[in-house]
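What follows is one structure encoded as structure tokens, with my remarks underneath.
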Amino acid sequence: MEKERGVGRKPPSRGVMGCLAAGFEIVGQNPFLVALPVALDLFLWLGPRISVGPLVDTVVDFLTVQMPAQGEAASRVTQATGLMREFGAEFNLVSVAGGVPLLQVPSLFVRRISGGSPLGAPSVYPLMNPLTVVPWWALLALMGLGLGFLYLNEIAHRVGGTATAVKDGLPEASKDAGGAGGGAAVGGVLKLLHFLLFAVGLLIIGLTVVPLWLFVVALGTMIAEPLGILLWMGGAGLLGYVGVHLVFVVPSILLGQRSLPQAIGESVVLSHLNLWPLFGLLALSLVIYEGLGYAWSLPADDSWILTVGILGNAAVATGLTSAAFVFYRERRNAVRRIAKPEG
């Protein structure tokens, strides 16, 4: 009798550890998923670079002439300008094409300033005109979003096509097919459009809200330092809280095939209903990625051993990204089971 009752019973949702295990299992079954992260890191490591060093030096020279400092302030200014010159000399503008979680292809070299490679000194193309920086940045960022869409959409396809999803009555992979080739192509274009609109929306909000927030913090600090600290902590907490509630937007677009407004609404609801498990997933993912990322970065820039780090970072980042999609799928399916209980 107990067996008969359990035949039609659907398995409970995976926990945080179960989602992480499932994410890395998907990478093990589909190792080609790491191809784009590996290719991007190899290009950033061995390929040509675009430098903004001359422009940074010009800005630093102008600031130094306009704001001469004396005494202790002079040493601080010298230290700050030195850091700016070092950043300008080593920063590779091509790195804006990757590294943003759940939007772009993960990369080890986006957060690593590389000084060379086993092939010798790379070709460097300096930007001398400030008017060329924005077009280059926009082009590279757009290319990064395009690659990120291909990467994340393939992960969504693999997560939706796993046996667990099919057993649960929600074979997303079959919906991706769309029946006819034309329908699938239209669906892919719509997903890309919603994906890009979300990314551009985040950029616009970031360029307006963050500067305004920093301005308010500066005003508060001028009035009273504790007030500035309070405004900083409150603003950072609010931005983090809002960001957590938008974590599922991209999985909802690519895996759930929602429109952007629907994806935002679904992400807010699912994140609110699973806030603490989501915090646990994000915290564990951060610890795993940053901890292993330190190990991957240990080899020198001119050593081919760094290839092991590139492969390891790509596998770990892809596993964690897949885990986020699995987490979304499990929580969405749980809500559906509650909304439509078995008769």
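Please treat every number below as a calculation from the coordinates, not as lab data. Small disclaimer: the values here were computed from a predicted structure and weren't measured. Methodologically, a virtual Cβ is constructed for each residue, glycine included, from the backbone with ideal geometry; neighbour enumeration extends over all protein chains shown.
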**Fill in**
Zone reached by a paramagnetic label modelled 7 Å from V308 Cα along Cα→Cβ, restricted to region 28-49 with backbone N below 19 Å, covers 38, 42
**Request:** Whole Å is fine, so just give me how far the alpha carbon centre of region 297-318 lies from that of region 240-277.
**Result:** 32 Å
**Fill in**
Note on region 252-295: alpha-carbon gyration tensor, axes a ≥ b ≥ c; rule is a/c under 1.5 for rounded, else prolate if a/b larger than b/c, else oblate; result oblate
**Request:** Hey, can you grab everything whose amide H is under 5 Å from the amide H of I50? Only 5+ residues off in sequence or another chain; H modelled, so Pro and N-termini drop out.
**Result:** L93, V94, Y125
**Residues whose placed amide H lies under 5 Å from that of F109, excluding near-sequence neighbours** = none
**Prompt:** Fewest to most neighbouring Cβ within 10 Å: what's the order for F215, F279, F325, F198?
**Reply:** F215, F279, F198, F325
**Asked** To the nearest whole percent, what portion of all C-alpha pairs in region 198-300 is separated by more than 21 angstrom?
**Response** 55 percent
**Item:** Efficiency of FRET from Cβ geometry, L202 and V124, R₀ 22 Å, rounded to 0.05
**Value:** 0.10
**Request:** Would you mind computing, in nm to one decimal, how far apart the modelled labels at L239 and L193 are, each placed 7 Å from Cα along Cα→Cβ?
**Result:** 3.2 nm
**Fill in**
Once phi for every residue in region 195-201 is put through the Karplus expression 6.51 cos²θ - 1.76 cosθ + 1.60 (θ = phi - 60°), the whole-Hz ³J(HN,Hα) values, with Gly and Pro written as x, are 4, 5, 4, 5, 5, 5, x
**Complete:** Fewest-first ordering of L46, L298 by Cβ atoms within 10 Å yields L298, L46
**Complete:** For region 304-315, Karplus-derived ³J(HN,Hα) couplings (6.51, -1.76, 1.60; θ = phi - 60°; whole Hz; x for glycine and proline) come out as 5, 4, 4, 4, 4, x, 5, 5, x, 5, 5, 5
**Fill in**
Exposure proxy check on Y151, Y241: fewest-to-most Cβ neighbours within 10 Å is Y241, Y151
**Prompt:** So between M17 and T132, what do we pick up on full extension, going 0.36 nm a residue minus the alpha carbon distance?
**Reply:** 36.8 nm
**Message:** Taking θ = phi - 60°, what integer Hz values does the Karplus form 6.51 cos²θ - 1.76 cosθ + 1.60 yield along region 321-335, in sequence order, with x for Gly and Pro?
**Reply:** 5, 4, 4, 5, 5, 5, 4, 4, 4, 5, 5, 5, 5, 5, 5
**Request:** Give the long-range amide H neighbours of G161: residues separated by 5 or more places, or on another chain, with amide H under 5 Å away, using H modelled in the peptide plane at 1.01 Å from N.
**Result:** A173
